[in-house]
Amino acid sequence: MNARSPFVYSDDNKRYHTLAYHDRHVHGRRLWKAVLDGGCSCPNLDGTCGTGGCAFCDGGSGAFTQPLPLAAQLGLEAARIRCRAPDAGIVAYFQPHTNTYAPLPRLREMYETALAYPGVVGLAVGTRPDCLPPDVLDLLSEMHARTRLTVELGLQTVHDRTAEGFGRGYGYDVFLRSYAALQARGIRTCVHLINGLPGETADDMVETARVLGQLRPQAVKLQLLHILVGTRYADAYRRGEIVPLTQAQYLDILVRQLEVLPPETVIERVTGDGEKARLLAPLWSMDKRSTLGGLDKAQVLAGSWQGKAYREDVP
């Protein structure tokens, strides 16, 4: 352990396993994500299991991409990354919607186009657990054998009652099957969680992290619920049916969640970016630096670090 932090996976003041630390010690340099729209839809949009998406869905994070051919998107993203980090490796990140939800030849073309672009050293594929049939798993296994691959699964919560409320369209049992299939194939998996979902207490959110921690995921993204214009949650917020978390509440939840996650799990995100022009609440989330610094301070004040309360096979 270093002198500045009691947490073993840290070489600075951080008390959780950051993606920056992981990249430095595993890849020898920082990897940056080029956010790409592969043009996929989602079973919760096209009527297969629902329409309109989840209640918080703002178009699958499409605000951060442009409606251009994939090679053109890669060119713009590569230029953005090179301006800030000329020596960084590029990970092609298929983010909007469900990027395993298309005919197999189309998926292969997406992934191959990205891998062929100069400077791309890996793939990150955002998807849903109910969109990983055997043939897609075989394709992902092939990609895994050729490059750095991460499959990002949107879980949000382990509590099915909450998921039914926002219209997720699948149960926790479906997640478990898909997660097990990815792990059996050795595919790095990053699980997304959202804090502040309506009807959940702080204890519910910590329980989600604790249950997920028992699965020992390679990576986790922790996200604050953003209320965005145009979503079903925006209407509920205007009616006073949703009370967003305060920054103090959110930081307390993060501290507790990190304690019950394994120290080896990479924390790829502890907050997110809602499109500012469409963000209704919480407005404090626009100050990302304050949230990140606040977490560091909160962990120190609590004498806390990632994995402090982690125990395997805790019922």
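The values are calculated or read from the model by the stated rules, or taken from the named source; none is laboratory data. Small disclaimer: the values here were computed from a predicted structure and weren't measured. Here the Cβ is made from the backbone with ideal geometry for all residues, glycine too, and neighbour counts use every protein chain on show.
Points worth noting:
- Selection status of T231, more than 19 Å from the chain's Cα centre (by Cα) and touching a residue at least 60 places away in the same chain (Cβ under 8 Å): yes
Condition check ((1) within 24 Å of E207 (Cβ to Cβ); (2) in contact (Cβ under 8 Å) with a residue 12 or more places away in the chain; (3) touching a helix residue (DSSP H, G or I) at 6+ places or on another chain (Cβ under 7 Å); (4) in a loop (DSSP other than H, G, I, E, B)) across all residues:
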position	(1), (2), (3), (4)
E112	no, no, no, no
V121	no, yes, no, no
L140	no, yes, no, no
H144	no, yes, no, no
E152	yes, yes, no, no
L155	yes, yes, yes, no
V158	yes, yes, yes, yes
T162	yes, yes, no, no
D173	yes, no, no, no
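Listed here are the residues, each with its yes/no results for (1) outside any loop (DSSP other than H, G, I, E, B); (2) modelled with pLDDT under 95; (3) surrounded by fewer than 21 Cβ atoms within 10 Å (Cβ to Cβ); (4) in contact with a strand residue (DSSP E or B) (Cβ under 9 Å, 6 or more places away or on another chain).
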{"site": "G169", "(1), (2), (3), (4)": "no, yes, yes, no"}
{"site": "R177", "(1), (2), (3), (4)": "yes, no, yes, no"}
{"site": "A180", "(1), (2), (3), (4)": "yes, no, yes, no"}
{"site": "I194", "(1), (2), (3), (4)": "yes, no, no, yes"}
{"site": "D204", "(1), (2), (3), (4)": "yes, no, yes, no"}
{"site": "P217", "(1), (2), (3), (4)": "no, no, no, yes"}
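- Restricting the range 245-269 to residues that are of a type in the set (S, T, Y) and under 12 Å from N195 (Cα atoms) leaves a set whose member that is surrounded by the most Cβ atoms within 10 Å (Cβ to Cβ) is Y250.
One line per residue, one yes/no per condition, for (1) closer than 26 Å to Y250 by Cα; (2) of a type outside the set (D, E, K, R):
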| site | (1), (2) |
| --- | --- |
| E112 | no, no |
| Y117 | no, yes |
| G122 | no, yes |
| L132 | no, yes |
| V158 | yes, yes |
| F166 | yes, yes |
| Y170 | no, yes |
| L182 | no, yes |
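- In the range 71-108, residue surrounded by the fewest Cβ atoms within 10 Å (Cβ to Cβ) [restricted to those that are among the hydrophobic types (A, V, I, L, M, F, W, C) and not in a helix (DSSP H, G or I)]: A85
- All positions within the range 14-60 that are at positive phi and under 16 Å from the mean Cα position of the chain (by Cα): G59, G60
- Only one of C49, C40 that is touching a Gly at 6+ places or on another chain (Cβ under 8 Å) and either in contact (Cβ under 8 Å) with a residue 24 or more places away in the chain or not in a loop (DSSP other than H, G, I, E, B) (or both): C49
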